[in-house]
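Q: One structure is given below, represented as structure tokens, and several questions about it will come after.
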Amino acid sequence: MQLPELARSTTLQWTLLVAGLFAGFIVALLGFVYLKTKADLTAQSDRMIASQMAFLAHLSPERRLGAIDEHLEQDPRRVLLAGLFGPNSRKIAGNLKSLPPNLKTDGTVQSAVVDRAGEGGGEKQAVRLIVQTLPTGDVLAIGRNIDEVAEIAHVVGRALALGLIPAVLLCIAVGVVLSARARQRIVEVNERVQRIVAGDLRERLPHRNADDPFSKLAMIVNGMLDEMETFIQSLAGVGSDIAHDLRTPLTRARLILERGRSNARTLEQLQVVADRTIEALDQSLSIITAILRLTEIEKSQRSAGFGKVSLADLIRQVADMYEPIAEDKGVALLIRSPHELSVHGDRDLLIEAVANLVDNAIKYTPAGGQVEIGVFHSNREIIVRVRDTGSGISERERHAVLRRFYRSDKVRHTAGAGLGLNLVAAIVKLHDFRFTIRPGAGCVVEIGCPSASALPAGMGTSRWPVEDDHAAVTCS
């Protein structure tokens, strides 16, 4: 990454801001620690001075002189001061040369600069001391050098200040690393997005840790790209499929019209030509209508028409519609609905989905066979099942039949556009239901509707056992 780009990074700018705030906080903390340490050490020194003053002031004059000398002899660091002066300010004992002027003699602790007597001569020292007039008229001064207190406070402050520099540098270094890392990931994402925009729909965004918000976003986008790739791939073949399926009825209509124009001699012959042409055109219109209906369902994002739907009434209505067709073909149409079960959905769309399944079942079941429509409760699902005794769907075709315009070779002679199961799958997806083509004799298809309710009262084992999911094709 180029340095100017890194300097413009928002992450780095925030890092510098945080580092500045952190440094300001540390400086304030250092000031507090320094002042607090100095105040505590000074208070401790004042207590020691007051204690020594109380002890020496209550001694007799003879013992006081010896106690002062002994007190000063026990000071190898030369921080203690003591002085006994007569009424005329004449020094009697101690290591103070003289009393500074303007000192209070009421026994309170005060700061002053005094002359300390020593072997090498006198020296000035900043001290904290107590000056008190004794009953004998003498003046006793007890003090302690505060240079030591200041030195300790400075050592503490210097140590904390030295710790501030690496802390701020570490903060900046972490910010630079995080900024560079984030920038690198963004650059990688930009490159991949550019490849996707250029037409490489197989490209996906990188993701590492599932707990990382950036990775979660990448996974969501990748899921969206998967859907787009599937949609575009299916859309790529729609044009050719439409052309292929419309070409046959339109070509037949054109041939019928040409032959009718050449061969028809009477009004009745022309009417036959017109009827056959209308039939071919109706087939083309049915394909177009099915495509428009499928597009309308796939684009629908609204649930305004959703409500409580009684599945028992629904399958009875579908059975009433298709019973005459089944009778004409010699197929028995059975209903299995021992319980009144309801789901939340669009009644008209669900009728359309079940009707498509029943229509296919009757269409591909030979005379003498039967078609069963059932509703039952199983595994916290309400299942609508359509079973027939026809030739069924081979295992290798169970995915293909869900595509638009797919027609198996063995049913090419049967009327249809190859959109029925695709329409059912679109309705099921709109409802967030489950659509399954199960293995077994004939064709068994299910629409699984989630149900949070308990098993209805009096419900026993379903009349239709649920087959194993092995080799089943599920669309949800």
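The values are calculated or read from the model by the stated rules, or taken from the named source; none is laboratory data. None of these values were measured; they are calculated from a predicted model. Please note: Cβ atoms are built from the backbone with ideal geometry, for glycine as well, and neighbour counts cover all protein chains shown. The protein model used for the area step is the full one, side chains on, heavy atoms only, and it has no ligands, DNA or RNA in it. Shrake-Rupley method; radii C 1.70, N 1.55, O 1.52, S 1.80 Å.
Q: Which one is modelled with the lowest pLDDT among residues in segment 432-463 that are open to solvent by less than 20 Å² (accessible area, probe 1.4 Å) and part of a loop (DSSP other than H, G, I, E, B)?
A: Once the filter is applied, the top-ranked residue is Ser451.
Q: Suppose we filter Pro100, Pro76 for residues that are assigned to a loop (DSSP other than H, G, I, E, B) and surrounded by fewer than 12 Cβ atoms within 10 Å (Cβ to Cβ); which single one remains?
A: Just a single option satisfies the conditions, and that option is Pro76.
Residue-wise test of (1) touching a residue at least 60 places away in the same chain (Cβ under 8 Å); (2) out of contact with any Phe, Trp or Tyr (no Cβ under 6 Å at 6 or more places or on another chain); (3) not in a helix (DSSP H, G or I).
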| residue | (1), (2), (3) |
| --- | --- |
| Ala43 | no, yes, no |
| Ala50 | yes, yes, no |
| Ala54 | no, yes, no |
| Leu72 | no, yes, no |
| Val109 | yes, yes, yes |
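Q: Also: Mind checking which residues of segment 342-378 are more than 37 Å from the chain's Cα centre (by Cα), of a type outside the set (S, T, N, Q) and not in a helix (DSSP H, G or I)?
A: Hits for segment 342-378 are Tyr364, Pro366, Ala367, Gly368, Gly369, Val371, Glu372, Ile373, Gly374, Val375, Phe376.
Q: Restricting to segment 39-62, what's the tally of residues that are more than 60 Å from the chain's Cα centre (by Cα) and surrounded by 12 or more Cβ atoms within 10 Å (Cβ to Cβ)?
A: 12
Q: Checking the conditions here, which among Pro338, Pro324 is open to solvent by 50 Å² or more (accessible area, probe 1.4 Å), at pLDDT 85 or above and not polar (S, T, N, Q)?
A: Within the list Pro338, Pro324, the selection yields Pro324.
Q: While we're looking at this one, here's another question. Please determine whether any residue of segment 121-135 is open to solvent by 50 Å² or more (accessible area, probe 1.4 Å), modelled with pLDDT under 80 and within 20 Å of Arg78 (Cβ to Cβ).
A: yes
Q: Determine if segment 322-338 includes at least one residue that is within 50 Å of the chain's Cα centre (by Cα), within 22 Å of Leu423 (Cβ to Cβ) and outside any helix (DSSP H, G or I).
A: no
Q: I've got another one for you. Looking only at segment 242-278, which residues are modelled with pLDDT of 80 or more and hydroxyl-bearing (Ser, Thr, Tyr)?
A: Matches in segment 242-278: Thr251, Ser262, Thr266, Thr277.
Q: Among the candidates Gly175, Gly143, Gly163, single out the residue that is of a type in the set (Gly, Ala, Ser) and under 28 Å from the mean Cα position of the chain (by Cα).
A: Answer to the selection: Gly175.
Q: Which pairs have Cβ atoms under 9 Å, sit 6 or more apart or on different chains, and link a residue in segment 12-24 that is within 22 Å of Ala161 (Cβ to Cβ) and open to solvent by 30 Å² or more (accessible area, probe 1.4 Å) to one that is of a type outside the set (A, V, I, L, M, F, W, C) and in a helix (DSSP H, G or I)?
A: Correct list of pairs: Leu16/Gly175; Val18/Gly175.
Q: How about segment 141-160: which of its residues are at pLDDT below 80 and open to solvent by less than 40 Å² (accessible area, probe 1.4 Å)?
A: Val149, Ala150, Ala153, Gly157
Q: Same structure, new question: Can you tell which of Ile196, Ile172 is free of Cβ contacts under 8 Å to residues at least 40 places away in the same chain, surrounded by 12 or more Cβ atoms within 10 Å (Cβ to Cβ) and of a type in the set (A, V, I, L, M)?
A: Answer to the selection: Ile196.
Q: Would you check if there is a residue in segment 85-93 being open to solvent by less than 30 Å² (accessible area, probe 1.4 Å), touching a strand residue (DSSP E or B) at 6+ places or on another chain (Cβ under 7 Å) and closer than 30 Å to His154 by Cβ?
A: no
Q: So how many residues does segment 202-227 have that are part of a loop (DSSP other than H, G, I, E, B) and either modelled with pLDDT of 80 or more or surrounded by fewer than 16 Cβ atoms within 10 Å (Cβ to Cβ) (or both)?
A: So the answer is 10.
Q: Also: Name the residue, out of Arg90, Arg128, Arg116, that is of a type outside the set (S, T, N, Q) and under 16 Å from Met48 (Cβ atoms).
A: Of Arg90, Arg128, Arg116, the one residue that is of a type outside the set (S, T, N, Q) and under 16 Å from Met48 (Cβ atoms) is Arg128.
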